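Take a look at the structure set out below.
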């Protein structure tokens, strides 16, 4: 079996990949994740997912390398990781009562063949109309400062939503396992 590598230091992606019960290694790809001028959210996540997967090809010859990247989009605006409490309050206030689309770019680089499969998996989150005190209470309780969109759907963040819509709930957390399973099987690695 080809070695499987997750090009990520994310504990969330690591936990998701463990669900597939396949042995894998993790390594940080250390790439520049800045958005390029004129680059759309879709172009950004595809480029970053592919760059992450291909960044480790010299370190793991012969491996299947998974790269993934995610952005949250409100209208035409990309919501990054807030970093501070004040930014998180601003983000959640802007999202209140609106739909936010999470775009997760996924890439699987086959280091034996040199080919890379790439795709985007969207997931839509419909926010409840939130009061200032609800937003502040949520941020104080869960401190989602390192999460795009300022929430953790796998925790208390679920209380922020009116409705979730998408093909794979794992995509919202950052690694779409349904699409990944299809890619792995196309590369010759059967999950079942």
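No value in this document is a laboratory result; all are computed from the given coordinates. Keep in mind that this is a model prediction, so the values were computed, not measured. Cβ coordinates were reconstructed from backbone atoms using ideal geometry, including for glycine residues, and neighbour counts include every protein chain displayed.
From the alpha carbon centroid of segment 11-77 to that of segment 125-143 is 28 Å.
In this simple spin-label model, placing a label point 7 Å from the Cα along the Cα-to-Cβ direction at both residue 14 and residue 74 gives a separation of 3.1 nm. Against the chain, whose longest principal axis is taken from its Cα atoms, helix 132-142 shows a tilt of about 40°. The angle separating the long axis of helix 177-186 from the principal Cα axis of greatest extent in the chain is about 10 degrees. From its DSSP helices (H runs of at least four residues, each -39,500 (n - 2.57)), the chain gives a residue-normalised ellipticity at 222 nm of -9000 deg cm²/dmol. Ordered by the number of other Cβ atoms lying within 10 Å of each residue's own Cβ, fewest first, 183, 1 fall into the sequence 1, 183.
Show me the ranking of peptides 48-54, 5-11, 25-31 by mean Cβ neighbours inside 10 Å, starting with the highest.
Descending packing order for the listed peptides: 48-54, 5-11, 25-31.
Multiplying the residue separation of residue 31 and residue 84 by 0.36 nm and subtracting their alpha-carbon distance yields 16.8 nm.
In this simple spin-label approximation, residue 39 and residue 1 carry label points 7 Å from Cα along the Cα→Cβ vector, and these lie 3.4 nm apart.
Helix 41-55 axis versus longest C-alpha principal axis of the chain: approximately 40°, rounded to the nearest ten.
Highest mean first, the peptides 173-179, 90-96 sorted by other C-beta atoms within 10 Å per residue fall in the order 173-179, 90-96. When 85, 47 are sorted by how many other C-beta atoms sit within 10 angstrom of their C-beta, beginning with the fewest, the order is 85, 47.
Placing a label point 7 Å from the Cα of residue 186 along the Cα-to-Cβ line, no residue of segment 10-38 has its backbone N under 19 Å from it. The distance between label points at residue 158 and residue 115 comes to 3.9 nm (points 7 Å beyond Cα on the Cα→Cβ vector).
Quick one: compute the contact order of the chain, relative version, from alpha carbon pairs under 8 angstrom and 6+ residues apart, as a percent. Relative contact order of the chain: 22 percent.
Once you've got the GNM for the chain with C-alpha springs shorter than 10 Å, pick whichever of 62, 97, 155 has the biggest mean-square fluctuation. Highest fluctuation among the options: 155.
For residue 133 and residue 101, the FRET efficiency from 1/(1 + (r/R0)^6), where r spans their Cβ atoms and R0 equals 22 Å, is about 0.25.
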